[in-house]
Structure formats: structure tokens, C-alpha cells
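Undergrad: Here's a structure for you.
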Amino acid sequence: MRIAVYPGSFDPITLGHLNIVKRASRLFDKVYVCVMVNSGKSPVFTVEERVDFVNRVTSKYGNVEAESSDSLLVDYVKSKGGLFIVKGLRALSDFDMEFQMALTNKKLEPGIDTVFLTADEKYTYLSSTIVREMAMYHADLTKFVPREIIPDVLEKLGKAD
Ligand code: ADP
């Protein structure tokens, strides 16, 4: 069984993230989307909210499950019996950091490989930061986040007026 982990902050999950999940679900038998708790960022949505968003928007993929973890990523991957970490690459700007992380994880756990999926060209510009910014101005979010979670995102962020 090919088990992969797709880690990130998902604050909140975007259509770009969801595109990676969809493609990973075809490549692997099981995909854990892991909301990482200690990523050094100060998230707007709670861990529970972020996990709930991911679970809601991925419910149509039978082999995808969202969880959270505050462990070292490779320890979490091992605990799931996984051998793969999935990452999305948007642009050159993602590359340096992701390359460094992949090599670090490889040193820590040589049996675990990082698999990079290139972002769909429709979403190369898209980040959770952009979504949060747009939500604060009540912008139409349908091009940025899955429909199911738009009311929740606006509820928390769209209170600028
Ligand atoms: P962000 O950079 O938006 O805060 P995360 O830390 O949650 O995102 O990112 C988790 C993973 O998803 C990373 O591998 C990141 O490169 C990837 N990713 C983020 N946005 C996109 C996108 N629009 N298309 C493809 N991959 C993405």
C-alpha cells in the first residue's frame, strides 16, 4: 500500500491545495493531509477548523483523510506507515525552501521520499495569504477556495466593515 502525507498549514485550504490533493489521491493508495501545528506561522484558523475544512472539501476522495500533528514531519509519516511526502511547487520561489526541506527529511529518514507535483497553471499565483487578504475585503472567493468553506472563511475574516 502506497501511503503519502501532504503537509502544510492550510490556513485555509485553497483550490491550489485541493488540486494537489486530487492528483495525489490518484497516485497513492492513501493520502493523509496533515495540518502541521508547529510550522512557525501564526495561523488565523484553529487547527480544528483547518482539519475540518480539509475533511469537508476532500470527502469525495475515498482515500484522503485530514489530521493534524505537532510532531517532526518524518516521525508523523513513519507513524502512518508512509514512504512519501507530497509537496506542491508553485514557482521558483518555492523551490529553495522545499529543496532544503526535502534533503533534510531525506537525511533524517532515508527511506522516505518527497514527491513534488507542479502546481496547476490555474493556481500558480494562489496562496492562503492571498485568500485571507481577499476575504477581509469581501471579495468573491469562488476562484480561490472550495465553495463548501467560503461561508466559514468569510465568517471569520470578512468583518472589515
Ligand atoms: P501556503 O504557502 O499557501 O501557506 P501551505 O504551507 O499550506 O501553503 O502549503 C502546503 C503545500 O502546498 C506546500 O507544498 C505548498 O507549496 C503547496 N501549495 C500551496 N499553494 C499551492 C497552489 N496554489 N498550488 C499548488 N501547490 C500549492
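Undergrad: Which ones in region 115-127 are surrounded by fewer than 14 Cβ atoms within 10 Å (Cβ to Cβ) and among the aromatic types (Phe, Trp, Tyr)?
TA: First, pick out the residues of region 115-127 that are surrounded by fewer than 14 Cβ atoms within 10 Å (Cβ to Cβ): 118, 121-122, 125.
Correct list: 125 only.
Undergrad: Just to verify a result, which residue in region 7-43, among those that are assigned to a strand (DSSP E or B) and more than 7 Å from the ligand (Cβ to nearest atom), is surrounded by the fewest Cβ atoms within 10 Å (Cβ to Cβ)?
TA: From region 7-43, those assigned to a strand (DSSP E or B) are 7-8, 30-36; that's our starting set.
Restricting the remaining residues to those that are more than 7 Å from the ligand (Cβ to nearest atom) gives 30-36.
Values: 30: 18, 31: 28, 32: 23, 33: 30, 34: 25, 35: 27, 36: 22.
Residue satisfying both the conditions and the ranking: 30.
Undergrad: Can you say whether residue 124 is of a type in the set (Ser, Thr, Tyr), under 17 Å from residue 20 (Cα atoms), within 16 Å of the chain's Cα centre (by Cα) and modelled with pLDDT under 95, as far as the supplied structure shows?
TA: The answer is yes for residue 124.
Undergrad: Out of (1) buried (at least 19 other Cβ atoms within 10 Å of the Cβ); (2) modelled with pLDDT under 95, what's the single condition that is false for residue 58?
TA: Only one criterion is unmet by residue 58, namely (2).
Undergrad: Now for a different question. Starting from region 13-40, keep only residues that are farther than 18 Å from residue 121 by Cβ, then list their pairs with residues that are of a type in the set (Phe, Trp, Tyr) and assigned to a loop (DSSP other than H, G, I, E, B) whose Cβ atoms are within a distance under 7 Å, requiring at least 6 positions of separation or different chains.
TA: 25/61; 35/10
Undergrad: Go through (1) at pLDDT below 95; (2) farther than 18 Å from residue 126 by Cα one by one and return the number of the condition residue 43 breaks.
TA: Unmet for residue 43, out of (1) at pLDDT below 95; (2) farther than 18 Å from residue 126 by Cα: (2).
Undergrad: With 112, 130, 85 as the choices, which residue is buried (at least 18 other Cβ atoms within 10 Å of the Cβ) and within 22 Å of residue 54 (Cα to Cα)?
TA: After applying the criteria, what remains is 85.
Undergrad: In addition: Could you list all residues from region 54-64 that are farther than 15 Å from residue 20 by Cβ and under 13 Å from the mean Cα position of the chain (by Cα)?
TA: Within region 54-64, just 55 meets the criteria.
Undergrad: Whether any residue in region 96-114 is of a type in the set (Ser, Thr, Tyr), under 19 Å from residue 21 (Cβ atoms) and at pLDDT 95 or above is what I want to check. Steps first, answer last, please.
TA: Step one: list which residues in region 96-114 are of a type in the set (Ser, Thr, Tyr), which gives 104, 114.
Imposing the further condition that a residue be under 19 Å from residue 21 (Cβ atoms) reduces the set to 114.
The next check asks that each one be at pLDDT 95 or above; those that pass are 114.
Checking region 96-114: at least one residue is of a type in the set (Ser, Thr, Tyr), under 19 Å from residue 21 (Cβ atoms) and at pLDDT 95 or above.
Undergrad: Identify all residues within region 50-97 that are of a type in the set (D, E, K, R), without any contact (Cβ under 8 Å) to a residue 60 or more places away in the chain and either over 19 Å from residue 37 (Cα atoms) or within 14 Å of the ligand (Cβ to nearest atom) (or both); write none if there are none. So that I can check it myself, show each step before the final result.
TA: Within region 50-97, the first condition is being of a type in the set (D, E, K, R), and the residues that meet it are 50, 52, 56, 60, 65, 67, 70, 75, 78, 80, 87, 90, 94, 96.
Still in the running and without any contact (Cβ under 8 Å) to a residue 60 or more places away in the chain: 50, 52, 60, 65, 67, 70, 75, 78, 94, 96.
Answer for region 50-97, where residues must be of a type in the set (D, E, K, R), without any contact (Cβ under 8 Å) to a residue 60 or more places away in the chain and either over 19 Å from residue 37 (Cα atoms) or within 14 Å of the ligand (Cβ to nearest atom) (or both): 50, 60, 94, 96.
Undergrad: Please state which one of 145, 153 is outside any loop (DSSP other than H, G, I, E, B) and crowded, with 17+ Cβ neighbours inside 10 Å.
TA: 153
The values are calculated or read from the model by the stated rules, or taken from the named source; none is laboratory data. None of these values were measured; they are calculated from a predicted model. Neighbour counts run over all protein chains shown; Cβ positions are idealised from the backbone, glycine included.
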